[in-house]
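**Q** Below are the structure tokens for one structure; questions will follow.
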Amino acid sequence: MSRSQEELVELGHQFLYANYRQPAVVMQRGAGVEVWDVAGKRYLDFLAGVAVNALGHCHPAIAKTLTEQSTRLVHVSNYFFNEQNILLAQKLCGLTRMDRVLFCNSGTEAVEAVLKLARRHFFGLGQTERHGVIAFERSFHGRTMGALAATGQAGYREGFGPLGPVTHVPFGDLDAVKRVLNDKVAGILIEPVQGEGGVLPAPPGFLAALRELCDASGTLLLADEIQTGVGRTGKFLGVDHFGVRPDAIAMAKGLGGGFPIGAMLCTSKLAGALPAGSHGTTFGGNPLASAVGLTVLETLEREDLSASVEKMGAYLDTQLQALCRKHPSKVVGTRGLGLLRALELRASLDARAVLGAIREAGVLLSIAGGSSLRFSPPLIVSQAHIDEAIGLIDGVLGAVQS
Ligand SMILES: *Cc1c(COP(=O)(O)O)cnc(C)c1O
């Protein structure tokens, strides 16, 4: 029995936990860069499930893998190896210059694994006091207790304390890092481009300087590539723009193209830090998720999407800059890398209202950093999609009252 959008929304409000604030829209199907709601309205999806649907909606390669693998083997647990998982690990190591992979099911779990890895590494070296973490203001690392402790935004932390000891310093402030770095610090955790914080790329030279600091002090450099990884910024990893190789990396979001999967990657130096039995997960690395992850990575390569991301990212940037010039009373500026970009609205505008009006006009975006519209379209986005979306947003910006 099919229900109307209104009926479904009512049921959703009645039975779902109200920890999100969805508009009265129920999504039904997607294809490429487009999605449709139950009422039949079409949207250009420039949110892509928060930088998740790297290949767009219902990519035929993903659908084929899901179908085939689900008739072969879905889950066996980590009591055994499975072929898809081994092949995905090999592929990921090649793309990231890392040596080992530990799979999980989400971003926050990948961050937990990275944090546990860092602590356990120094425990193994007999440095049991070395358990501190330095992270950055405005960062977002996830919602479980450890990842939340590392998240540097009051809004996400409020009411969940006490949270583990993490020292937060301003993003990009090397002197502030130096002031708090000591021999009790196990790792420095950083997003190469802060995503939820407002799409803020690390300043030039900052990651390289952190790498030097870490090398000199023996501290681990931990990269949160959950939003920036898998080609989102035009290179496979965000850190690739800065010529830096971290000691460990957290990945998730785009890796499964919509299917849940996360990964912790590390260098050979840390390959023994988590001994057998010290960490694990029931679902992590299952054959179905691994097969999809492998398909996503192979499709990225086959369709040469990093070249396309660079090109479309640059094009999106010029179009956003044009919006800034056209609507100076509404828009402050634009920033970002590749297909992760932000349009910062003037404080006089209600960002949520603008977001809602843009959705009504037929484009899905999200808000990052409180006052910025975030653009994270599928990596397969075309110039025609960008033109159409920018045209619709242009119309909304022209109509809203500042
Ligand atoms: C989304 C995100 C996370 C959390 O990932 P979940 O899958 O939601 O747990 C962590 N770090 C960054 C940078 C993210 O963008």
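The values are calculated or read from the model by the stated rules, or taken from the named source; none is laboratory data. It should be emphasised that the depicted structure is a prediction, and the values quoted were computed from it without experimental measurement. FYI the Cβ positions are ideal-geometry reconstructions off the backbone, even for glycines, and counts take in every protein chain you see. In case anyone asks, the SASA skips ligands and DNA or RNA and just uses the protein heavy atoms, side chains included. Shrake-Rupley method; radii C 1.70, N 1.55, O 1.52, S 1.80 Å.
**Q** For the range 250-273, what are the residues that are farther than 14 Å from ASP99 by Cα and either part of a loop (DSSP other than H, G, I, E, B) or of a type in the set (D, E, K, R) (or both)? Give the steps one after another, and end with the answer.
**A** Restricting attention to the range 250-273, the residues satisfying the condition of being farther than 14 Å from ASP99 by Cα are 251-262.
Passing the criteria: ALA252, LYS253, GLY258, PRO260, ILE261.
**Q** Also, quick follow-up: Just checking, which of GLY234, GLY254, GLY218 is modelled with pLDDT of 95 or more and within 12 Å of the ligand (Cβ to nearest atom)?
**A** Details: GLY234 fails: within 12 Å of the ligand (Cβ to nearest atom); GLY218 fails: within 12 Å of the ligand (Cβ to nearest atom).
That would be GLY254, the only listed residue that is modelled with pLDDT of 95 or more and within 12 Å of the ligand (Cβ to nearest atom).
**Q** Looking only at the range 40-63, which residues are assigned to a helix (DSSP H, G or I) and touching a residue at least 24 places away in the same chain (Cβ under 8 Å)?
**A** Within the range 40-63, ALA48, GLY49, VAL50, ALA51, ALA61, ILE62 meet the criteria.
**Q** Determine the pairs where a residue that is at pLDDT 95 or above, located within the range 309-334, has a partner that is among the aromatic types (Phe, Trp, Tyr) with Cβ atoms under 8 Å apart, the partner being 6 or more residues away or on another chain.
**A** Pairs that qualify, where the first residue is at pLDDT 95 or above and the partner is among the aromatic types (Phe, Trp, Tyr), are LEU316/PHE375; LEU320/PHE375.
**Q** Check off (1) in contact with a Phe, Trp or Tyr (Cβ under 8 Å, 6 or more places away or on another chain); (2) over 15 Å from PRO260 (Cβ atoms) for ASN105 and give me the number that stays unchecked.
**A** (2)
**Q** Next up: Working only within the range 370-380, note down all residues that are within 30 Å of GLY152 (Cβ to Cβ) and at pLDDT 95 or above.
**A** SER371, SER372, LEU373, ARG374, PHE375, SER376, PRO377, PRO378, LEU379
**Q** Hey, can you tell me all the residues within the range 135-166 that are touching a residue at least 40 places away in the same chain (Cβ under 8 Å) and more than 16 Å from the ligand (Cβ to nearest atom)?
**A** none
**Q** If I filter the range 287-321 down to residues being acidic (Asp, Glu) and open to solvent by 50 Å² or more (accessible area, probe 1.4 Å), which single residue comes out as farthest from LEU95 (Cα to Cα)?
**A** GLU310
**Q** Looking at (1) open to solvent by 10 Å² or more (accessible area, probe 1.4 Å); (2) within 14 Å of the chain's Cα centre (by Cα), find the lone condition where VAL396 falls short.
**A** (2)
**Q** Condition (residue is more than 12 Å from the ligand (Cβ to nearest atom), open to solvent by 20 Å² or more (accessible area, probe 1.4 Å), not hydroxyl-bearing (Ser, Thr, Tyr) and not in a strand (DSSP E or B)) applied to the range 187-204: is it met by at least one residue?
**A** Within the range 187-204 (the criterion being more than 12 Å from the ligand (Cβ to nearest atom), open to solvent by 20 Å² or more (accessible area, probe 1.4 Å), not hydroxyl-bearing (Ser, Thr, Tyr) and not in a strand (DSSP E or B)), the answer is yes, since at least one residue qualifies.
Results for (1) modelled with pLDDT under 95; (2) within 28 Å of ALA368 (Cα to Cα); (3) among the small types (Gly, Ala, Ser); (4) in contact with a strand residue (DSSP E or B) (Cβ under 6 Å, 6 or more places away or on another chain), shown as yes or no for each residue.
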position: HIS13; (1), (2), (3), (4): no, yes, no, no
position: LEU16; (1), (2), (3), (4): no, yes, no, no
position: PRO23; (1), (2), (3), (4): no, yes, no, no
position: ALA31; (1), (2), (3), (4): no, yes, yes, yes
position: ALA61; (1), (2), (3), (4): no, no, yes, no
position: GLN69; (1), (2), (3), (4): no, no, no, no
